[in-house]
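Remarks on the structure that follows.
What follows is calculated from the coordinates using simple rules that are stated; it is not laboratory data. If you're wondering where the values come from, they're calculated on a predicted model, not measured in any experiment. Note: ideal-geometry Cβ built from the backbone for every residue, glycine included; neighbour counts use all protein chains shown.
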Amino acid sequence: ATAAAAAAAQWAARRAAPGKAVKQEPREPSAPPKQRATPREAAPITPGVPSASSSSLPASRNEAQIRDEHPEWAARCSLEAARPGQPQRLTVSMAEVGFGDSEIVVWCSWMDRRLSAEQPSGTSARTRFKASTIDFSENKLAANGIKALCSLLEKHGVKCEVLRLTGNQFGNEGMRCIARYVSSTSQAPAMELHLSRNRFSMEGVKWLLANLSMHPAYPIWNNDTDRFVPLWLRLENARVKGAPAYSALEAACSSLTCAVCCGEKSGDVRCGPRQCANAGCCDELKHNCVAHLCSLDVPQAAALLPSPAAHARPIFAPAGRGAVKAAPSGVEASAIRREEPRLLYE
Ligand SMILES: [Zn+2]
Ligand SMILES: [Zn+2]
């Protein structure tokens, strides 16, 4: 008990000492991710999600009535009946519908009312709706459209296997909204992000990686395989490709102390959305390989990306800094020796 108390005191002292800050902030992008204790309040512009009370339509409308206001969308967006104790199944197949920001804002407010009619929000933070795929690929969505969509998903606790936004027009601002959505809950709300052919640059990618590397939900725990799996990412575009993207990625991983896997093969096992064949990710311990970027081409003679390591490292800084300090006077040195904590915030 004395050893534990001494260790705790030392830990508290180290936390308190500002010069020896234990937390490591991401150096890139320059501003750290904001706290999101109150996700909705933290978003000043949320054009897509007016609260139910601000709607001019009668509040008593049920889900079916709201659905039938837009039969053309209802055919692509269905909602299964609720089953007790389970998230409600949702289908959203809105690829190639010619949506720009103003259209999706209207769509979001329609869907917001549907979801609110089914399950009033604010009741609990758990997953309330689940979709296998949420598909808005091949539209004309820019930052405000992405923001409206992500706010809607966040507000209603919508979880999806695959979020498909390929072939739109959003840049780094839209990427920040997506980064916020995927780090909005204690469990990853999406297993795959398909974001290719948009207008973000490596700055946006770094922002996303910074969020993933700081968030306890990543890499994602897979209950079927008892392994931590990196988030599956597709994000090639004209600005994110080739050697410059690769070296920016290398710099980002080093400064964030995280790793990405570019796709490996080990025997019959190949990296995929639900598994990683990388040797550093193959046991049940949490590692720092937060994302899969298998579609990125690796230039010849490029510096190697950092390989996956134990997940705890970034919090306690490089080995050496976390080493045991000299014993306070009057305490036996052996009494304060302890294992370096591995998973403090879990
Ligand atoms: Zn990996
Ligand atoms: Zn992998």
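Annotations
- Taken along the Cα-to-beta-carbon direction at a fixed 7 Å, the label points for Gln65 and Ala279 span 6.5 nm.
- Shown for Ile146, Ile220, Ile134: other C-beta atoms within 10 Å of each C-beta, ranked fewest to most, produce the order Ile220, Ile134, Ile146.
- Within-10-Å neighbourhood charge of Ala238 [Cβ basis; K, R +1; D, E -1]: +3
- For segment 293-300, 3J(HN,Hα) per residue [Karplus equation, 6.51 cos²θ - 1.76 cosθ + 1.60, θ = phi - 60°, Hz, x = Gly/Pro]: 10, 6, 8, 7, 7, 8, x, 5
- Long-range HN-HN contacts of Gln88 with modeled amide H, under 5 Å: Phe129, Lys130
- From phi via Karplus (6.51, -1.76, 1.60), per-residue ³J(HN,Hα) for segment 79-91 in Hz, x at Gly/Pro: 9, 6, 4, 5, 10, x, x, 10, x, 7, 6, 9, 10
- Phi-derived couplings, Karplus 6.51 cos²θ - 1.76 cosθ + 1.60 at θ = phi - 60°, listed residue by residue for segment 222-232: 9, 5, 6, 9, 6, 9, 8, 10, x, 5, 7 Hz, with x used for Gly and Pro.
- Of Val290, Val162, the sequence from fewest to most neighbouring Cβ atoms within 10 angstrom is Val162, Val290.
- Sorted ascending by nearby beta carbons within 10 Å, beginning with the fewest, Leu285, Leu304 become Leu304, Leu285.
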